[in-house]
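Structure, as structure tokens:
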Amino acid sequence: MKKKILVIEDNEQNLYLATFILEKHGYEVFAARDGKEGVDMAGSVRPDLILLDIQLPVMDGYAVARQLRTNAELSRIPIIAVTSYAMTGDREKTIEAGCNGYIEKPINPDTFLQQVEKHLVATGIKGGEE
Ligand code: MN
């Protein structure tokens, strides 16, 4: 079974790049383009990992993380914030909202997969092979 990763991202270029890298390495990628769609898809897809942009339309990433953490069936899915919103305290805010980790934008094609898999290993999910 391929591992499923839900990417919640409203920027088409970032979404394309993340999807391209993850699919190339054997992950099944699901995309949501706003926070509400992201929460809904987390419920229907039940991904192994969520990559979460913070600046999103409809519902921002903090609200998405908080909502997922209050849902008993979805609260254990690891969430990695992916954001360039680099204000002081921002990383702490993502953790407080319920994220397990943080990847900084811009997405670096040379290190992105490694960063994602580091979080998969840390949460016991491991890599994309069957
Ligand atoms: Mn965004």
Q.
For the range 75-89, give me the residue count where each residue is among the small types (G, A, S) and crowded, with 16+ Cβ neighbours inside 10 Å.
A. 1
Q) Out of (1) surrounded by 24 or more Cβ atoms within 10 Å (Cβ to Cβ); (2) part of a strand (DSSP E or B); (3) more than 16 Å from the ligand (Cβ to nearest atom), the odd one out for L51 is which? A) (3)
Q: Can you confirm whether the range 72-89 contains a residue that is in a helix (DSSP H, G or I), touching a helix residue (DSSP H, G or I) at 6+ places or on another chain (Cβ under 8 Å) and not polar (S, T, N, Q)?
A: no
Q) Could we say that A42 is open to solvent by less than 10 Å² (accessible area, probe 1.4 Å), within 16 Å of the ligand (Cβ to nearest atom) and at negative phi here? A) no
Q. How many residues, within the range 54-74, are open to solvent by 40 Å² or more (accessible area, probe 1.4 Å) and either within 10 Å of the chain's Cα centre (by Cα) or away from the ligand (no atom under 16 Å from the Cβ) (or both)?
A. 7
Q: Filter the range 1-31 down to residues that are within 16 Å of the ligand (Cβ to nearest atom) and either in contact with a Cys (Cβ under 7 Å, 6 or more places away or on another chain) or part of a loop (DSSP other than H, G, I, E, B) (or both) and give me whichever is least open to solvent (accessible area, probe 1.4 Å).
A: E9
**Q.** Matching residues, the range 75-98, being over 22 Å from G26 (Cβ atoms) and more than 15 Å from the ligand (Cβ to nearest atom)
**A.** S75, R76, T88, G89, R91, E92, K93, I95, E96, A97, G98
(Q) Just the residues that are open to solvent by less than 30 Å² (accessible area, probe 1.4 Å) and part of a helix (DSSP H, G or I), please, taken from the range 90-112. (A) D90, T94, A97, F112
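The values are calculated or read from the model by the stated rules, or taken from the named source; none is laboratory data. As the structure is a prediction and not an experimental result, all values here were calculated from the model. Neighbour counts are summed over all protein chains in view; Cβ atoms, including those assigned to glycine, are modelled from backbone coordinates with ideal geometry. Areas reflect the complete protein model, heavy atoms only, side chains present, ligands, DNA and RNA absent. Shrake-Rupley method; radii C 1.70, N 1.55, O 1.52, S 1.80 Å.
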